[in-house]
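Before any comments, here is the structure.
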């Protein structure tokens, strides 16, 4: 239950009709939790049906590994698909193998061969017959066939003996959005610099200065995934620099800017760590530098005692100023 593997393959019936067979295998026990056949080509709707049936019967796994097919996992394409949304709602993290490396999903790839040999020996003529034969195969595979990698135990025996570690709570959608944005960010940077030389030598032999690093830094600032370092633990908004306490450095965050709010979240948990309403109103600015605790309506998840004292001071100043000059705060 810590990890399931999902994959699909095409199979031709006696009539020549091609069906799609989805296989879902528990990684540790090799237990087949959800092999099913469908008439259409590989797609998200039927992949979700297969997963729903398996989860309803056996519970919710912590992670689901698949290839990067649009039917299974679109995160590397910079999108969040319907299968990923469903899995996250159940608490399962969708993960995918490296593109072009099917061996990452080797256990399901190997199980395709075993099932294909069984069907070839008992060729179905219709989709209904294929489903009947798959039911027979699953029963024998799970309960009657010793598995070499399990020390000749059956998958059912391994499933019953091994400790189960299922998912426990839903995953916030912001976590998947952060993963998708992260993949998209890396792809854009890679594509934009694919044919750019890191080093140029002029006709006279002198080396021209490279702007590569500066371009990448500027591009990353504008993306949804931002990295705060130990030395530079500040965020950027419209050319302004907003400094956070030092313990926020050394991590990646998911930043989103809507019409009415600036939000920074932890991409692993979905926890909002910093936010403030837009348009931004602050009482302390020094050039491009804005003190985070001086922003009206600011929120920080793990503030220092110093930050809290300064926040109380500036929020009190906002209250006084709003009473004195309400027109400055109420006008759009």
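Yes/no per residue for (1) free of Cβ contacts under 8 Å to residues at least 60 places away in the same chain; (2) touching a strand residue (DSSP E or B) at 6+ places or on another chain (Cβ under 8 Å):
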{"position": "46", "(1), (2)": "yes, yes"}
{"position": "50", "(1), (2)": "yes, yes"}
{"position": "55", "(1), (2)": "yes, no"}
{"position": "73", "(1), (2)": "yes, yes"}
{"position": "76", "(1), (2)": "no, yes"}
{"position": "85", "(1), (2)": "no, no"}
{"position": "93", "(1), (2)": "no, yes"}
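How about the stretch 104-191: which helices (runs of 4 or more DSSP H) wholly inside it have at least 3 residues that are touching a strand residue (DSSP E or B) at 6+ places or on another chain (Cβ under 8 Å) and at pLDDT below 80?
On the way: elements: 106-121, 127-143, 155-161.
Ranges flagged: 106-121.
A count restricted to the stretch 83-103 and to residues that are under 25 Å from residue 171 (Cα atoms), assigned to a helix (DSSP H, G or I) and either modelled with pLDDT under 85 or touching a helix residue (DSSP H, G or I) at 6+ places or on another chain (Cβ under 8 Å) (or both) stands at 7. Every residue in the stretch 113-148 that is more than 17 Å from residue 39 (Cβ to Cβ) and crowded, with 17+ Cβ neighbours inside 10 Å, please. Answer for the stretch 113-148, where residues must be more than 17 Å from residue 39 (Cβ to Cβ) and crowded, with 17+ Cβ neighbours inside 10 Å: 115, 137, 138, 141, 142, 147.
Residues that are surrounded by 14 or more Cβ atoms within 10 Å (Cβ to Cβ) and over 29 Å from residue 89 (Cβ atoms) within the stretch 249-273 comprise just one, 249.
For the stretch 321-332, taking the residues that are closer than 20 Å to residue 298 by Cβ and surrounded by 10 or more Cβ atoms within 10 Å (Cβ to Cβ), the one that is modelled with the highest pLDDT is identified as 321.
Got at least one residue in the stretch 223-236 being more than 30 Å from residue 314 (Cα to Cα), modelled with pLDDT under 80, touching a strand residue (DSSP E or B) at 6+ places or on another chain (Cβ under 9 Å) and in a strand (DSSP E or B)? Within the stretch 223-236, none of the residues are more than 30 Å from residue 314 (Cα to Cα), modelled with pLDDT under 80, touching a strand residue (DSSP E or B) at 6+ places or on another chain (Cβ under 9 Å) and in a strand (DSSP E or B).
Please specify each residue of the stretch 255-271 satisfying the condition of being assigned to a strand (DSSP E or B), over 16 Å from residue 300 (Cβ atoms) and touching a strand residue (DSSP E or B) at 6+ places or on another chain (Cβ under 7 Å). Passing the criteria: only 256.
The values are calculated or read from the model by the stated rules, or taken from the named source; none is laboratory data. Quantities reported herein were computed from a predicted structural model and do not represent experimental measurements. Reconstructed Cβ throughout: ideal geometry from the backbone, glycine too, with neighbour counts over all protein chains shown.
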